[in-house]
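Take a look at the structure set out below.
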Ligand code: GLN
């Protein structure tokens with residue numbers, strides 16, 4: 001890695017993958033995402049010493065959406081450890097992130113915490129234990145990226161209003177006894193997590209604790225025990241990009257997590273954190289150009305865990 005010139009490589013990757021954005025389509029279920037500029041693009045890396053490299057719109061904030069699921073999972077594991085797996089499974093779903101079908105078949109136990117149903121169960125676990133779960137997730141993110149981060153109240157409200165499928169999942173889990181607080185509280189927390197705003201550069205920094213055995217490399221603060229960091233990475237690798245997780249494992253070979261605003265974070269254990277952002281999505285809801293950027297970066301920098 002030391003001999004690799006990321007200053008030269010990142011712009012090369014950007015030039016190669018940016019045209020692919022035209023093959024994707026940004027999410028359109030709320031205005032803030034539908035109106036996103038499809039030409040935005042950023043790719044950022046941050047290694048364990050803190051050295052950062054970035055190209056494109058790396059300092060433009062956007063809603064992190066489902067990327068928050070990694071950090072709400074982290075917080076829930078801090079609170080209840082492996083007991084969490086009584087409430088949510090850790091198997092890939094092979095279904096879209098907002099699918100209801102498995103939830104019925106699996107009697108209200110979501111397949112994994114990276115899909116919407118699983119994240120709703122995680123919100124419920126947090127609501128049972130903290131006064132302000134999404135505030136705590138924001139505090140964790142802010143600590144990990146070393147800067148204050150925002151929340152977009154308009155997006156939060158729009159998520160709540162447009163969240164019919166998510167609300168249906170929460171009710172279904174409640175009917176099966178796998179939701180202990182109220183559907184309203186869970187939905188409000190979940191919408192607050194979707195609406196957290198960060199930049200590509202901040203996300204590349206924030207994910208590094210997973211590349212560093214659970215310890216924030218900047219502060220030395222242990223976020224989770226090493227074994228749990230390994231497990232979060234395993235869940236990201238197998239479930240973080242939904243029904244394309246197999247393809248991402250094949251092409252990128254790193255724990256990844258995508259969000260519907262077009263960002264994908266990844267970490268290369270022992271090496272670095274990274275994030276790619278481009279709003280147009282593929283059919284699985286993963287950034288088309290962002291996925292291609294991580295593929296090339298992993299390939300050229302030999303980052304795959306395999
Ligand atoms: N707000 C989105 C939803 O709940 C989050 C999903 C995602 O980013 N993939 O549908």
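Tabulated values for the structure
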{"item": "Any hit, region 240-253, residues being modelled with pLDDT of 95 or more, surrounded by fewer than 24 Cβ atoms within 10 Å (Cβ to Cβ) and closer than 17 Å to residue 6 by Cβ", "result": "no"}
{"item": "Given (1) at pLDDT 95 or above; (2) assigned to a helix (DSSP H, G or I), number of the condition residue 32 does not satisfy", "result": "(1)"}
{"item": "Some residue of region 70-87 being in a loop (DSSP other than H, G, I, E, B), on the phi < 0 side of the Ramachandran plot and surrounded by fewer than 24 Cβ atoms within 10 Å (Cβ to Cβ)", "result": "yes"}
{"item": "Checklist (1) more than 28 Å from residue 243 (Cβ to Cβ); (2) surrounded by fewer than 18 Cβ atoms within 10 Å (Cβ to Cβ) applied to residue 106, failing item", "result": "(1)"}
{"item": "Among (1) surrounded by fewer than 24 Cβ atoms within 10 Å (Cβ to Cβ); (2) out of contact with any strand residue (DSSP E or B) (no Cβ under 7 Å at 6 or more places or on another chain) - the single one residue 170 does not satisfy", "result": "(1)"}
{"item": "Contacts under 6 angstrom Cβ, first residue in region 56-80 being under 22 Å from residue 153 (Cβ atoms) and within 13 Å of the ligand (Cβ to nearest atom), partner modelled with pLDDT under 95 and in a helix (DSSP H, G or I), 6 or more apart", "result": "none"}
{"item": "Extreme residue, nearest to residue 305 (Cα to Cα), among residues of region 191-225 that are within 14 Å of the ligand (Cβ to nearest atom) and in a helix (DSSP H, G or I)", "result": "203"}
{"item": "Answer residue from region 226-270, given it is within 13 Å of residue 297 (Cα to Cα) and either in a helix (DSSP H, G or I) or more than 16 Å from the ligand (Cβ to nearest atom) (or both) and is nearest to the chain's Cα centre (by Cα) among those", "result": "267"}
{"item": "Filter result (in contact with a helix residue (DSSP H, G or I) (Cβ under 6 Å, 6 or more places away or on another chain) and crowded, with 23+ Cβ neighbours inside 10 Å) within region 210-222", "result": "210"}
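The values are calculated or read from the model by the stated rules, or taken from the named source; none is laboratory data. Because the structure is predicted, anything quoted here is derived from the model rather than measured. Glycine gets a Cβ as well: all are built from the backbone with ideal geometry, and neighbour counts include every protein chain shown.
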